[in-house]
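Single-structure report; data block below.
The values are calculated or read from the model by the stated rules, or taken from the named source; none is laboratory data. Every value quoted in this text rests on a predicted model; they were computed, and no experiment measured them. Virtual Cβ from ideal backbone geometry, glycine too; neighbours counted across all protein chains shown. We work out accessible area using only protein heavy atoms, side chains counted, and drop any ligands, DNA or RNA first. Shrake-Rupley method; radii C 1.70, N 1.55, O 1.52, S 1.80 Å.
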Amino acid sequence: MKSMKAATIITVLLLTGAAATFVSCSSATPTDTPGVERMGRSVLRQYGPELWTVLGYRFANSQMGDEWMILEVALSSAGGRTAKVTRENVFLSTPDGNRLPLPTQKEFNEAYSSLRSTIAKADIDRDPLSYFPPDREPCDMRFFVTPGAGVSFDEVVMNDRRACFGRLFFNVPGGIQPGRWVFGIDLPESEIRIPFELGE
């Protein structure tokens, strides 16, 4: 019985160590923003106390002049934590400091006909965002859905057992310009701020 308990403890320790190694993957490169790591040429990650966020902006970097920016986002939560992300708390800051809110599904529907070809291109030109522990159940982050293809939601609740993936659309009046943009999420106890450069 003692040997079985010891084996169980060792297994738990090994799994915990493996998860810690995964989370602090050596492929991550620090950026000039504390807490934000570069996982690839156009993939950034921030592990906050409430929310873990991975941002992919590969396609956005090819969208200069477009009036809708497409970003790929993945979310999860730290061990033992939950986080509710609402549409109204997600935003994008432009290089000149303007704050752009996450549009409503209605606004997306109205623009969809002009976005269809751009979305088709984005389906091809994207980076994988699977930088969470492998035991997390994948889920869809449905802030936006193709018109007629189901129901969108104004919030998503994250925990340490789920990893949700989705595409976010931001309306950019005047068109996307080169420079330093910031993806942000406001939370009750913390905030996500991920700066990224377009037009490099």
TODO: Can you tell me the 0 to 90 degree angle between the C-alpha axis of helix 105-124 and the longest principal axis of the chain, rounded to 10?
DONE: 70 degrees
Open item on the list: At 7 Å along Cα-to-Cβ for each site, give me the label-to-label distance between Glu88 and Asp125 in nm.
Closed with: 3.5 nm
Task: MRE, 222 nm, helices only [DSSP H, n ≥ 4, -39500 (n - 2.57), over the chain, to nearest 500] - done: -7500 deg cm²/dmol
Open item on the list: Considering only protein heavy atoms and a probe of 1.4 Å, how much of the accessible area of the chain is carbon and sulfur, as a whole percent?
Closed with: 55 percent
TODO: Residues in region 32-66, backbone N under 14 Å from the label point at Asn171 (7 Å along the Cα-to-beta-carbon vector): list them, ranges by number please.
DONE: none
- [ ] Can you find, among Phe169, Cys139, Leu100, the residue farthest towards the positive end of the dipole of region 57-200? Put +1 on the C-beta of Lys and Arg, -1 on that of Asp and Glu.
- [x] Cys139
TODO: Could you check the simple spin-label distance between Phe153 and Met64, using points 7 Å along Cα→Cβ, in nm with one decimal?
DONE: 3.9 nm
Task: Options [x] 1.12; [y] 0.99; [z] 1.06 - which one matches Cα Rg over 2.2 N^0.38 Å as calculated here - done: [x]
Task: Cβ crowding within 10 Å averaged over residues, with 146-152, 98-104 ranked highest first - done: 98-104, 146-152
Open item on the list: Given a 1.4 angstrom probe, what's the average accessible area per residue across the chain, in square angstrom?
Closed with: 54 Å²
Task: Per-peptide average of other Cβ atoms within 10 Å, ordering 167-175, 82-90, 29-37 highest first - done: 82-90, 167-175, 29-37
